[in-house]
Amino acid sequence: MDILDAIKSRRTIKKFKSDAVELDLIYSWLEAATMAPNHRMTEPWEVYFIGTDTRAKLKHKSDFGNAPVLMAVVSKHGATAVEKEENALATACFVQNFNLAAWSQGVGTFWSSIGTSAKNREILEVPENYNLIGVLGVGYPEVTPEAKPRTSIKNKIKSLP
Ligand SMILES: Cc1cc2nc3c(=O)[nH]c(=O)nc-3n(C[C@H](O)[C@H](O)[C@H](O)COP(=O)(O)O)c2cc1C
């Protein structure tokens, strides 16, 4: 799939098929995701695959759309507040790279911040010096929603002299 098609057709998936997603494929998308821009080459992202016992403790209302794979993406803080913010931004780029790589091969994702509460950080064993960027459900879409309309960027452009 062409990159523009992937960007435009991607949706947040909230209902997944139970079909397994090959681990090799997931690794290939994660490797692709590491090409995300990151200042000072900090490569701040880390990925936790979430097993069934841990997942049950999260008590998410839709169990992340019954995604067959669940993972958390965390971002290591830097030495300063600026680095912490830049690292979180880089890790968000990593997540979207992953989302688009998966989508281009027919697999959807549910990026949820619901799992990022203090209680869930504890369940996911996220160290103090890491941001929890999101919990990602990954799987083949059962339902692909219509696109949610976006405001044209033309309404959000300022031209400076
Ligand atoms: C940082 C982040 C956190 C999100 N957290 C949630 C969430 O907790 N629950 C949820 O239903 N969707 C969550 N989403 C998905 C958005 O709701 C979704 O992207 C938005 O509705 C637009 O839909 P689309 O991705 O299909 O275009 C999150 C997205 C991002 C980027």
The lone condition V74 fails out of (1) surrounded by fewer than 17 Cβ atoms within 10 Å (Cβ to Cβ); (2) at pLDDT 95 or above; (3) within 15 Å of the ligand (Cβ to nearest atom); (4) within 19 Å of N129 (Cβ to Cβ) is (1)
Here the residues within the range 137-161 that are basic (K, R) and under 19 Å from the mean Cα position of the chain (by Cα) are K148
In the range 137-161, anything in a loop (DSSP other than H, G, I, E, B), loosely packed, with under 12 Cβ neighbours inside 10 Å and either away from the ligand (no atom under 11 Å from the Cβ) or among the aromatic types (F, W, Y) (or both) is listed as T151, S152, I157, K158, S159, L160, P161
Restricted to the range 103-136 and to residues being among the small types (G, A, S) and near the ligand (Cβ under 10 Å from one of its atoms), the residue nearest to the chain's Cα centre (by Cα) is G134
Inset, instruction - Check whether at least one residue in the range 19-40 is under 20 Å from P145 (Cα atoms) and either among the small types (G, A, S) or over 16 Å from the mean Cα position of the chain (by Cα) (or both), and report yes or no. - result: yes
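Okay, residues lined up against (1) surrounded by fewer than 16 Cβ atoms within 10 Å (Cβ to Cβ); (2) modelled with pLDDT under 95; (3) in a loop (DSSP other than H, G, I, E, B):
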residue: D19; (1), (2), (3): yes, no, yes
residue: L30; (1), (2), (3): no, no, no
residue: P37; (1), (2), (3): yes, no, yes
residue: K61; (1), (2), (3): yes, yes, yes
residue: G65; (1), (2), (3): no, no, no
M41: passes all of (1) closer than 21 Å to N97 by Cβ; (2) surrounded by fewer than 17 Cβ atoms within 10 Å (Cβ to Cβ); (3) within 16 Å of the ligand (Cβ to nearest atom) but (3)
Exactly one of E85, E125 is charged (D, E, K, R), outside any helix (DSSP H, G or I) and farther than 30 Å from D2 by Cα, and that one is E125
Quiz item: When you look at G106, is it at positive phi, of a type outside the set (A, V, I, L, M, F, W, C), modelled with pLDDT of 95 or more and surrounded by fewer than 19 Cβ atoms within 10 Å (Cβ to Cβ), yes or no?
Solution: yes
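Restricted to the range 48-81, and to residues that are β-branched (V, I, T) and in contact with a helix residue (DSSP H, G or I) (Cβ under 7 Å, 6 or more places away or on another chain), which residue is nearest to G108 (Cα to Cα)?
The selected residue is V69.
The values are calculated or read from the model by the stated rules, or taken from the named source; none is laboratory data. Being a predicted model, the structure only gives us computed values, none of them experimental. Note that each Cβ is placed from the backbone with ideal geometry, even for glycine, and that neighbours are counted across all protein chains shown.
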